[in-house]
Amino acid sequence: MSVAWQQSTHGVLRRQEKVNRTLLMTFAAITVMAVGLGVLYLGLVASSAHLSSDIWHMHSEMAEIQRESSRLETEIARLSSIPVLQVRSVALGYQAAESIEYVDIEVRAP
Amino acid sequence: MLRGPEARLRLVTALLIAALLPVIGQLVRLQILDRDRYQAEVEELVMRPYALPVPPAGTIRDRNGDLLVGNIPIYSVGAQIELITDTQIAAAALAPLLGLDEATLLEKFVIQEDEKDLEWVWRHLANGVRGENAEAVKELKRTTWDWLTLVATWQRFYPESELASHTLGFVNADGDGYGIEAAQFHLLQPRPAAAMGEVDVLRVPLSEELAKGDLRAFAGTDIKLTIDRTIQAFVEGELDKALRLYGASGGTILVMNPQTGEILASASYPDYNPSLYNIYDTSEQYRFVDPAVSVVYEPGSVFKMFTVAIALNSGSVTQDWSYYDSGLIEYGGVLVRNSDGGAHGQQNLQGVIDHSLNVGAATLTTQHIGADVFADYLLRFGFGRTTNVGLFGEAAGLVHLPWDLNWSDGYLPTNAFGQGIAVTPIQLVTAASMLANHGMMMKPRLITERRTPEGQVVTIPPKEEGQLVSVETADYVVGLMEHAVETSIVKAQVPGYRIAGKTGTAQIPVSGGYDPVEVITSFIGFGPLPDPQLLILVKLDRPQVDLNVRWGTQTAAPVFNQVASRLFVLLGIPPTEPIDP
């Protein structure tokens, strides 16, 4: 065995060993923190990707709702358009008023 | 052999470092040395243009909010045909929905020889799928055949069909067209959002792209018109009846509120269905010109109201002016006669309007007003320039001015009764509204409100263009016109309402002179006096009735009566005078 090894195993370099343990602890702490930060970063990225995907789908859903809304609006407008209403009112027996007379109402103070 | 653990430790360390070196080397190569190359490759692989769904264009509504122009979604349908397993069933189900026959669809489903090596084959099936058919295709995609693809876009939709077609107009994708659609294209068109960025295989942008968050699409601005669709429909119906009754080749009815300049209806024939504008033949381009704003004509005797107003307001004559009508006046080499060819003896301003005396009007311009003053007033009244009502392709008309090189003295007597001058119907009603509105000219308006996609409402208020003639002058001329309706133009009278008006029967200029037979008959009337809320111009082109009744009094005035009678009711304007039972 080498001299250095013997010194180490027999306690001759005990003070230096203490320093190495501190370094080890520091290294371990940094590693844990780095892993933690990495996990946090990956989590954020995953969350961001998920949210982005949600936003994109919301854009699509919003566009679909807008299309449906426009379709219904134009359908209502078509059904309540004057040509359609004329046909419907004639079918219901309505006729255009030939002469309109106004009634003059005298309003008296109570 | 290595001796001792320390040496072996060194060896292991050296081997580890040696193994790591190529990795570090590669990293340096990839990240530093060949960085640009790999960056370009990645960009080529994932950088693609992507876009948010296109929002709709702005809508156009009437003054009560009823939809005149909307948007419907239409779909382009395709298929990833290598995924189709049941082609016969799919073709049978889809053919009626896509408007194709089954055999055509089956042909589209066949993978061609040169496509067999492809991983996937997409085929376009149909365009313009809309309404219930589109809903059915979407349902099939959702429940049964996910190989169907649908790409949505928008199409303009006119729920009232031909109603107000000239006013609404249309545009192509480049904004070329006419009517409100073309004039307001910059506001109506949507603002789509598109960008170049990193996308996945489905062209969905990656999270980093969306996280930028600066991509927003906006729908077009909504527009509310001054047009009332009920009035518009009624007026169009009356114009149609009049054209058939009198055999006229075309015509226009304009309805305006003289107090605000709002155009309540603008009907012209020939018209068309804006939804189907592409089916009309290219030789029918005249259909796509709005006669109310883009076609000029010689207005004829309706113009005398302006001549009298100018004479009074300029101080050229007073209200008690009179002249001797010999039935003839010569000025600038032009011989002017009355339309009935007769001489009317001593006449005053009332006589000029009542009997529509060309000689009287020409006497006013040539003997009293003078060319410079007359021209100055015509320009102030808006003739010879566009009204900027907000429609595409508005014509300026033609006014001969004394300082023009081609001026001839002969224009002065003829312009007095609306000959040798070309105006548009919109110019005429705007100027007549000025007289009806006690001399205050209002800017003609078609748009009353704009609503931005962010919800901001911009109201466009009435705009005064100026007091062009004094209240006294305007009211006096209106009084003359009221008397004319009471005594001469009885067919324009509306029981219970005080009406003022003036007829016109204008000759049509042709090469070398005027058409000896064909005329344009017209009537401008307004009421109820003293504060008219309605002004109506009726203009009929080339009525084919007996020559004895081919006059504005016989053709346009009765149409005015029909329109005004109903519009007073529709607008809730009660009679101001007692009605004889």
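The values are calculated or read from the model by the stated rules, or taken from the named source; none is laboratory data. Given the structure is predicted, the values throughout are model-derived calculations rather than measurements. Here the Cβ positions follow ideal geometry from the backbone for every residue, glycine too, while neighbour counts run over all protein chains shown. SASA here: full protein model, heavy atoms, side chains in, ligands and nucleic acids out. Shrake-Rupley method; radii C 1.70, N 1.55, O 1.52, S 1.80 Å.
Specify which of the listed residues (B:ASN313, B:ASN348, B:ASN358) is more than 39 Å from the chain's Cα centre (by Cα) and of a type in the set (S, T, N, Q).
The conditions single out B:ASN348.
Tell me which residues, restricted to segment B:206-230, are at pLDDT 75 or above, open to solvent by 50 Å² or more (accessible area, probe 1.4 Å) and away from chain A (no Cβ under 12 Å).
The one that is at pLDDT 75 or above, open to solvent by 50 Å² or more (accessible area, probe 1.4 Å) and away from chain A (no Cβ under 12 Å): B:LYS224.
Search segment A:21-47 for residues that are on the phi < 0 side of the Ramachandran plot and pair each with any residue that is surrounded by 10 or more Cβ atoms within 10 Å (Cβ to Cβ) and of a type in the set (Gly, Ala, Ser) when their beta-carbon atoms are under 9 Å apart and the residues are at least 6 apart or on different chains.
From residues that are on the phi < 0 side of the Ramachandran plot, the pairs are A:VAL45/B:SER207.
Hey, B:ASP62 hits all of (1) within 14 Å of chain A (Cβ to nearest Cβ); (2) closer than 27 Å to A:TRP56 by Cβ; (3) open to solvent by less than 60 Å² (accessible area, probe 1.4 Å) but one; which does it fall short on?
(2)
Give me a count of the residues in segment B:183-205 that are open to solvent by 70 Å² or more (accessible area, probe 1.4 Å), away from every other protein chain (no Cβ under 14 Å) and in contact with a strand residue (DSSP E or B) (Cβ under 6 Å, 6 or more places away or on another chain).
2
Just to be sure before I move on: is A:GLN66 within 26 Å of the chain's Cα centre (by Cα) and within 9 Å of chain B (Cβ to nearest Cβ) in the structure I sent? Write out each step before concluding.
Values: within 26 Å of the chain's Cα centre (by Cα): yes; within 9 Å of chain B (Cβ to nearest Cβ): yes.
The answer is yes for A:GLN66.
With the checklist (1) surrounded by fewer than 24 Cβ atoms within 10 Å (Cβ to Cβ); (2) within 14 Å of chain A (Cβ to nearest Cβ); (3) not in a helix (DSSP H, G or I) in hand, flag the one item B:ALA265 doesn't pass.
Going through the list (1) surrounded by fewer than 24 Cβ atoms within 10 Å (Cβ to Cβ); (2) within 14 Å of chain A (Cβ to nearest Cβ); (3) not in a helix (DSSP H, G or I), B:ALA265 breaks only (1).
Please determine, by comparing only the residues of segment B:383-431 that are of a type outside the set (A, V, I, L, M, F, W, C) and in a helix (DSSP H, G or I), which one is surrounded by the fewest Cβ atoms within 10 Å (Cβ to Cβ).
First, pick out the residues of segment B:383-431 that are of a type outside the set (A, V, I, L, M, F, W, C): B:384-388, B:390, B:393-394, B:397, B:400, B:402, B:404, B:406, B:408-411, B:413-415, B:418-420, B:424-425, B:427, B:430.
When the remaining residues are screened for being in a helix (DSSP H, G or I), the result is B:411, B:413-415, B:425, B:427, B:430.
Details: B:TYR411: 25, B:PRO413: 27, B:THR414: 22, B:ASN415: 25, B:PRO425: 27, B:GLN427: 27, B:THR430: 27.
Applying the filter and picking the extreme gives B:THR414.
Which of the residues belonging to segment B:164-182 are within 14 Å of chain A (Cβ to nearest Cβ) and among the hydrophobic types (A, V, I, L, M, F, W, C)? Step through it out loud before you land on a result.
Taking segment B:164-182 as the starting set, the residues that turn out to be within 14 Å of chain A (Cβ to nearest Cβ) are B:164-165, B:168.
Residues satisfying the conditions are B:ALA164, B:LEU168.
Within segment A:54-63, how many residues are more than 9 Å from chain B (Cβ to nearest Cβ) and either surrounded by 14 or more Cβ atoms within 10 Å (Cβ to Cβ) or not in a helix (DSSP H, G or I) (or both)?
0
With B:VAL549, B:VAL510, B:VAL471 as the choices, which residue is at pLDDT 95 or above and either open to solvent by 10 Å² or more (accessible area, probe 1.4 Å) or among the acidic types (Asp, Glu) (or both)? Talk me through it step by step, then tell me what you get.
Details: B:VAL549 fails: at pLDDT 95 or above; B:VAL510 fails: at pLDDT 95 or above.
Checking each option against the conditions leaves just B:VAL471.
Going by what's in this entry, would B:TYR38 be described as touching a helix residue (DSSP H, G or I) at 6+ places or on another chain (Cβ under 9 Å) and either assigned to a strand (DSSP E or B) or under 30 Å from B:ILE447 (Cα atoms) (or both)? Step through it out loud before you land on a result.
On the way: touching a helix residue (DSSP H, G or I) at 6+ places or on another chain (Cβ under 9 Å): yes; either assigned to a strand (DSSP E or B) or under 30 Å from B:ILE447 (Cα atoms) (or both): no.
No: the conditions fail for B:TYR38.
Any residue in segment B:146-163 that's more than 7 Å from every other protein chain (Cβ to nearest Cβ): show its pairings with residues that are among the basic types (Lys, Arg) at Cβ separation under 6 Å, as long as the two are six or more apart or on different chains.
From segment B:146-163, the pairs are B:LEU148/B:LYS141.
With respect to B:TYR50, determine if the residue is touching a residue at least 40 places away in the same chain (Cβ under 8 Å), farther than 30 Å from A:LEU79 by Cβ, open to solvent by less than 20 Å² (accessible area, probe 1.4 Å) and within 14 Å of chain A (Cβ to nearest Cβ).
Numbers: touching a residue at least 40 places away in the same chain (Cβ under 8 Å): yes; farther than 30 Å from A:LEU79 by Cβ: yes; open to solvent by less than 20 Å² (accessible area, probe 1.4 Å): yes; within 14 Å of chain A (Cβ to nearest Cβ): yes.
So B:TYR50 fits the description; yes.
Return yes when B:ASP376 is modelled with pLDDT of 95 or more and open to solvent by 20 Å² or more (accessible area, probe 1.4 Å) and no when it is not. Walk me through how you get there before you give the answer.
On the way: modelled with pLDDT of 95 or more: yes; open to solvent by 20 Å² or more (accessible area, probe 1.4 Å): yes.
Against the criterion (modelled with pLDDT of 95 or more and open to solvent by 20 Å² or more (accessible area, probe 1.4 Å)), B:ASP376 qualifies.
Conditions tested, residue by residue: (1) β-branched (Val, Ile, Thr); (2) modelled with pLDDT under 90; (3) open to solvent by less than 80 Å² (accessible area, probe 1.4 Å).
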{"site": "A:SER70", "(1), (2), (3)": "no, no, yes"}
{"site": "A:ALA77", "(1), (2), (3)": "no, no, yes"}
{"site": "A:VAL84", "(1), (2), (3)": "yes, no, yes"}
{"site": "A:VAL90", "(1), (2), (3)": "yes, no, no"}
{"site": "A:ALA96", "(1), (2), (3)": "no, yes, yes"}
{"site": "A:ILE100", "(1), (2), (3)": "yes, yes, yes"}
{"site": "A:VAL103", "(1), (2), (3)": "yes, yes, no"}
{"site": "A:ALA109", "(1), (2), (3)": "no, yes, no"}
